[in-house]
Structure formats: structure tokens, C-alpha cells
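Novice: Quick one: the structure is below, and I'll ask about it shortly.
The values are calculated or read from the model by the stated rules, or taken from the named source; none is laboratory data. The model shown is predicted, which means the values in this text are computed figures rather than measured ones. Cβ atoms come from the backbone with ideal geometry, glycine included; neighbour counts cover every protein chain shown. Note: accessible area is taken over every heavy atom of the protein model, side chains too, but ligands, DNA and RNA are not part of it. Shrake-Rupley method; radii C 1.70, N 1.55, O 1.52, S 1.80 Å.
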Amino acid sequence: MTENPIRAPRPFARAVPPWSLLAAGVIAGGLLGGAYGVLTPRSYSATSYVVAVPADKTDTASAQGFAQAYGRVATQLAVLDDAQMWAGVPVKTLQNSVQTETSPDAPMIAVSATSPHALQATDMANAVARSLIRHANDTKGDTNVELLQFSRALKPAAPASASPKVTGLVGASAGGLLGGLVLLVRPRRRPEDTALQASVPGPAVAADVHGQL
């Protein structure tokens, strides 16, 4: 009797080295991240700072409270309507591009603007800060708090958005992580399945047995 053991065909997933999934994830993620950085328009950010100063009839705590209130008012239509004249952009652009932030420890208001153009971002931040100061000081006789320009926004030298190199590195890291997760959850062949396949006679062995009978 001639025995011709037939090896079970190896699935394609087992023929591929495990590290290739990780490498493919890194390469694909890096390419996608780099493409995102190239296709996404650059954006610039500029920030102007305004400080609330208490008058003789009030204290620092009151000035800080008014600073919190003025920080919320800075993006309202009344302030932005005047700011558009100095910024040279519509109110809608200011609403989408300008944000304010206040400090819990100091009566300071940060007016930030973002734009695809560095000079436009600077002009918008300074225009909104100027308009806020004007509106706040119209009622300083009642509030006993005056807003002053602490620091004007300067033209940014570099974009605030991430460069293609940075987005590519982030994408490669994410792709490598995803590839590692695929390696962890991929199905593995159990030892009993391998033993079962080896015990089943192939067609050649069955033919030899029938010939002897």
C-alpha cells in the first residue's frame, strides 16, 4: 500500500506574515494622514487681550466678574456689527471665526480669530477687541469698570493648523494601532482542527485500500 499524505491547504491569512498587517496599517495611515494635511487649507490664529480695570468705587472681584460677562458679550451681534467696519469682513465671518476666553484668576479677556490669511486673522481679533472696549466703556459710569487694551494681536508667523508631516505621523500611528488590534482579534487555528485534518485519508490512500480488497 502506497501512502500519499495530502497536506491541507493553508489559508491565505496564515500565509501572510503577521507583521505585514501592522506594516500595511502604518503605511496606509501615514498616506491618509499626509493627504489630509496637504488637502486641508492652512489656518492662522491671532489673539488680542483686553483687561478690566476697577474704578475707585469698586474692587478687583467686581472687575473680574464684569470681565466674565464681557467675554460672553464679545461675540454678540451688537459688538460684531461695529467690528466688521474695522475688520473688513461680514458679521457672519466674525461669528464663525472669533472666539473669546476669560481667566478665572484675572480680569482678562482673550479675543482670538482664525482665518486662512494671517493678516485677516490679526485684523479680526483687534477689531472685535476694539469694539468690545468701546461698548463696555459706554457704561463704565454705571459699572465702575473700564476695559483697556492689554495687548494687541500680532500677525502670526506660522499657521496654527498641523503640517502634512505632523498629520502623516498621526495617521501612521493610528494605522499601526489599528493593525495591532487586527492582529489581536484575528482568528487562530486550534490544535484539534489541525489534528482532525491530518487524520482524514486523502484520495490516493482510499484508492489503494480499495485495490487490495
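Novice: Name the single residue that is most open to solvent (accessible area, probe 1.4 Å) among those in segment 90-101 being more than 12 Å from Ser48 (Cα to Cα) and either hydroxyl-bearing (Ser, Thr, Tyr) or in contact (Cβ under 8 Å) with a residue 40 or more places away in the chain (or both).
Specialist: Thr93
Novice: For segment 105-131, name all the residues that are of a type in the set (A, V, I, L, M), in contact (Cβ under 8 Å) with a residue 60 or more places away in the chain and out of contact with any Pro (no Cβ under 9 Å at 6 or more places or on another chain).
Specialist: Ile109, Ala110, Val111, Ala113, Met124, Ala125, Val128, Ala129
Novice: Next up: Quick check, is Thr194 among the β-branched types (Val, Ile, Thr), part of a helix (DSSP H, G or I) and at pLDDT 60 or above?
Specialist: No; evaluated as a whole, the condition is false for this residue.
Novice: Name the single residue, out of those in segment 40-84 being polar (S, T, N, Q), closer than 22 Å to Asp105 by Cα and part of a helix (DSSP H, G or I), that is modelled with the lowest pLDDT.
Specialist: Thr60
Every residue, every condition in (1) in a helix (DSSP H, G or I); (2) open to solvent by 30 Å² or more (accessible area, probe 1.4 Å); (3) modelled with pLDDT under 95; (4) among the charged types (D, E, K, R), yes or no:
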position: Trp86; (1), (2), (3), (4): yes, yes, yes, no
position: Ala127; (1), (2), (3), (4): yes, no, no, no
position: Lys165; (1), (2), (3), (4): yes, yes, yes, yes
position: Gly176; (1), (2), (3), (4): yes, no, yes, no
position: Leu183; (1), (2), (3), (4): yes, yes, yes, no
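Novice: Further, regarding this structure: Hey, could you check segment 27-36 for residues that are hydrophobic (A, V, I, L, M, F, W, C) and open to solvent by 60 Å² or more (accessible area, probe 1.4 Å) and say which is modelled with the lowest pLDDT?
Specialist: Leu31
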